[in-house]
Structure formats: C-alpha cells, structure tokens
Amino acid sequence: PRLCVVGSGPAGFYTAQHILKHHGGARVDIYEKLPVPFGLVRFGVAPDHPEVKNVINAFTQTARSERCAYYGNVTVGRDVTVAELRQAYHAVVLSYGAEDNRVLGIPGENLSGVYSARAFVGWYNGLPENRDLKPDLSCETALILGHGNVALDIARILLSPLGLLRKTDITAGSLAALACSKVKRVWLVGRRGPLQVAFTIKELREMINLPGARAVLNPADFTGLENAVKDAPRPRKRLTELMIKTALEKPGEKVMEAQAAAPREWGLKFQRSPQEVLPTADGKRARGVRMALTRLEGSGDSAKAVPTGDVEELECGLVLSSIGYRSLPLDPTVPFDTERSVIPNSAGKVEGVPGLYCSGWVKRGPTGVIITTMNDSFDTAQSVLEDLQVGVLDVSSPREGFGAVESILRSRGVRPVSFSDWEKIDAAEVARGKAAGKPREKIVDPQEMLQLIGH
C-alpha cells in the first residue's frame, strides 16, 4: 500500500511511524508546506524547553526509513489537491494541525500593540510567517489573555533573564528585541477561577522559580480553596495547592529579600472577561483593556463565566491573546465542521470519504500535549491498518504515489525539499548556533533555506 500524510508535525510523524511499524510493506510519503519539518515541535515548544524537542530524534529515524519519504515546500490544496493525492495513493491522512488562532471578537483587537499568542510564539521560535512581527516591547506592563501553558510560556519568555535565553535556540531577532524590552510586569488574565486554569504544574512551578521575577497572587482568590479541591483529580489538586501555597504562605527571610529585590513581577487575575482594548488618545495604540468582572455558574471544568455588570480597566501597552488555536479547511473536497474547526471523523476516518483520514489537532481540536497527539495519531493509524486488513482500502490496483505527484508538481513549477535537504539546513543552523554559543540559530527566511540547498 502507498499512503501519504499531509503535515510533518507530531501528528503526521506519529501516524507514519505507527503504520510503518505495524505494516511491513506499507510506504508512507509525508508532505509539508514549509521546507523544514516537525511543526509545533520546532515552532511551538518554548526555546527554554529543549528536552521536549527530543522527539525529533524518533521522527528523524522514521523519515530515514527506506519506506518513508519527506517532501517539504509543497502546499497541499494549492500545489497539489487532495483529489490528486487520493488518486496517487491508497489512503491520505490529513495531519496539518491548527494554523490559525481564535479571535477575541472585541473592539480594539486590531490596535497596534495587540498580538495573538500564536504569532508571538511563532516570532520568537522562527516561524517564517511571523518573522517580521516586530512586537512593541516599550511598555512596562503586558497583559496576556488566557490561562494555558502557552500563556505561561510567553510570560516566562518576556520576564526571563537574558542570560538564560541566550543559551537557547530562540531566534537572533527576538533575542535582540527582548534585550531592549521595557516589560517588567505581566498579568495573566482568565475568565474563570483558579480551579479552571488550563496550565500544568510544571509550567507554573517554573514561573514561580523564575530568577529575578516575583509572583503576585491575591490571597483573596485562594482563601478556602483547600476544601474545594479535596476530591479533585490529583493533577488539579497539586496544581491548586501550589497556587494556594504561593498566594498564602509567608516566604522565609531569604526569599523575601530576593523578592523585594526582584526587578520584575507577574500575577494571575481571575474572573475577568475582556470587553474592549482601549486606544491611546490618537486612536492608534493599545493603552489598556476594559474587562467585565464575572461570577461562576456551576463548578469544576464545566463552570461558566457570567458577567456581573461590573467592569474594571487595566493599563498595559502590550496585549497578547492566548485563547486557543484553530484549524482551517484545506481543500473544498474535504468535509469541515466550521463550528468546531475540525474535520468530521470517527476514529480518524473522515466522514463520507473512504480512504481519507485525519489525525492531531485538525481531528480533535487544538488541545493536549505531544503525548496526547501521539496516542491520537496511533488511533488513526490503527484505523488505516484495519481498513487495509479488511479490504476497505483496495490495494489490488497499484498506485503511483509520489511518481504521479512529482509530475503534477513539476508542471506547476514546484520543487520539493527532501529530508537530506533538510539535514543540510539543520547542519547549517547548528553550525551558526555553535558560533553564537547556542544549540542552533534558526534560519527564518524560506528563500534563504532554499538557496542553501541550491533550489
């Protein structure tokens, strides 16, 4: 069987890995719109979390298998259609992730100084489309809307001592901008309460222990919460206990001295829903956010935030909206649920289109960490393997695979990037990094990548 996967992030690679491991004859081609592979492992994981990127080693093993091929610099839906892929392969798996962000839908959202978390993370991680973001870091207070791990990542990058960031693969341009940053206070604001935060304990602990920054938590937000979490699942209980301890315990003398001297601070604000980004007098830039105070109806994860009628204004010159990513439809022939921004499917089989599958965020929505995506992708791969076994996928008629796609791409003037091409780019990035004392210096311009490999 000849199969192809669209997207080379964790979902794409784990799907390919599972199929190759459990079917000795299958051949899998992976298509990627960028010249470089690995998706959010390269462009989403924070630069100061290098250990999370170790999965790249396993993905590289998969890509080097003689039954796997990687074709970068190919945009499915433009350079080749899904219908054309379906003619060339016995099965097509869509694993192209979530390449857009959810919008706040409030006045002032487009003012200068307001950015999506997705664009900001893409900027410091070298995502080509965000390389010219030039965020304005000339204000003292930044406001991040959202209580997830991405929000904490951004707060940590904004407040980290430069010495820590210099040793990471953060891009040269964003490091230079952060060196001139005036931001010294970051508020993370959520619509719901401490029991509904979406970040995890590891990220919170890292933030609490960040050198040169102190946590500002309002004790009133945490009083009496011990009882509320007695019977909560263990991760939620431990996370809440850490917030309570940070908010309510008097630190020791040494810690107090360090905190008093800390030049930077961050804090969590709860039960506030953004109503409007307020403009400066000239109407061009953000100067603050007006928020509706909310009360919670219901409890636990299903609690809803309802406006009380009271409002409050928070001054800030930088607003980062971290309320989630969303997938976009790829091709008019592929069903798409615009409400939920996912491809309708059961166990990864796209509804009503035999031979078409999906995995990762475009399958289940933009939630979870790499391990969640791994399990999800194995499930989709299993659906493909079962369909091969019971004959839903007819492999008696041969398919040309990349042979057919190659002539289509050539006729459209598209030159794919191979995995060995990527390894040349990789080597160049690592060499540049070494010269600067970093693990790598990412190339942020796709044209430069293509020149480097002689395209």
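Couple of notes before you dig in:
- Selection status of A69, under 23 Å from F402 (Cα atoms), buried (at least 17 other Cβ atoms within 10 Å of the Cβ), in the same structural domain as D376 (by the TED database) and at pLDDT 95 or above: yes
- Counted residues, the range 85-132 - those being hydrophobic (A, V, I, L, M, F, W, C) and touching a strand residue (DSSP E or B) at 6+ places or on another chain (Cβ under 7 Å): 12
- Test result for L195, of a type outside the set (G, A, S), outside any loop (DSSP other than H, G, I, E, B) and in contact (Cβ under 8 Å) with a residue 60 or more places away in the chain: yes
- In the range 114-170, the qualifying residues are those that are without any contact (Cβ under 8 Å) to a residue 40 or more places away in the chain and among the aliphatic types (A, V, I, L, M), and the one that is nearest to V183 (Cα to Cα) is L158.
- Flag for L164 being assigned to a helix (DSSP H, G or I), open to solvent by 10 Å² or more (accessible area, probe 1.4 Å) and either of a type in the set (A, V, I, L, M) or modelled with pLDDT of 95 or more (or both): yes
- Consider the range 245-265 and keep the residues that are out of contact with any Leu (no Cβ under 6 Å at 6 or more places or on another chain) and under 29 Å from G300 (Cα atoms). The one that is most open to solvent (accessible area, probe 1.4 Å) is K250.
- Applying the condition of being open to solvent by less than 10 Å² (accessible area, probe 1.4 Å) and part of a loop (DSSP other than H, G, I, E, B) to the range 337-350 and asking which residue is nearest to S273 (Cα to Cα) yields I343.
- Search result, residues across the range 400-455 that are among the charged types (D, E, K, R) and assigned to a loop (DSSP other than H, G, I, E, B): E400, R412, R415, K438, R440, E441, K442, D445
A quick yes/no check of all residues on (1) in the same structural domain as A303 (by the TED database); (2) open to solvent by 60 Å² or more (accessible area, probe 1.4 Å); (3) part of a helix (DSSP H, G or I); (4) more than 15 Å from R264 (Cα to Cα):
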residue: F199; (1), (2), (3), (4): yes, no, no, yes
residue: R214; (1), (2), (3), (4): yes, yes, no, no
residue: A232; (1), (2), (3), (4): yes, no, no, yes
residue: R236; (1), (2), (3), (4): yes, no, yes, yes
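- The one condition from (1) more than 26 Å from the chain's Cα centre (by Cα); (2) surrounded by 14 or more Cβ atoms within 10 Å (Cβ to Cβ) that V390 does not meet is (2).
- Residue in the range 358-376 that is over 20 Å from the mean Cα position of the chain (by Cα) and either within 30 Å of D136 (Cβ to Cβ) or not assigned by the TED database to the domain that holds I144 (or both) present: no
- Residues (surrounded by fewer than 16 Cβ atoms within 10 Å (Cβ to Cβ) and of a type in the set (A, V, I, L, M)) located in the range 351-382: V369, I371
- Residues in the range 285-319 that are modelled with pLDDT of 95 or more and in a loop (DSSP other than H, G, I, E, B): C316, G317.
- For the range 318-336, a residue qualifies if it is open to solvent by 40 Å² or more (accessible area, probe 1.4 Å), out of contact with any Leu (no Cβ under 9 Å at 6 or more places or on another chain) and under 23 Å from G148 (Cβ atoms), and the qualifying residues are R326, L328.
- Taking the listed residues V306, V353, V289, the one that is over 24 Å from the mean Cα position of the chain (by Cα) and closer than 14 Å to L94 by Cβ is V353, with no other qualifying.
The values are calculated or read from the model by the stated rules, or taken from the named source; none is laboratory data. These numbers come from a predicted model, not from an experiment. Glycine gets a Cβ as well: all are built from the backbone with ideal geometry, and neighbour counts include every protein chain shown. When the accessible area is computed, the model is the full protein with side chains, heavy atoms only, and any ligands, DNA or RNA have been set aside. Shrake-Rupley method; radii C 1.70, N 1.55, O 1.52, S 1.80 Å.
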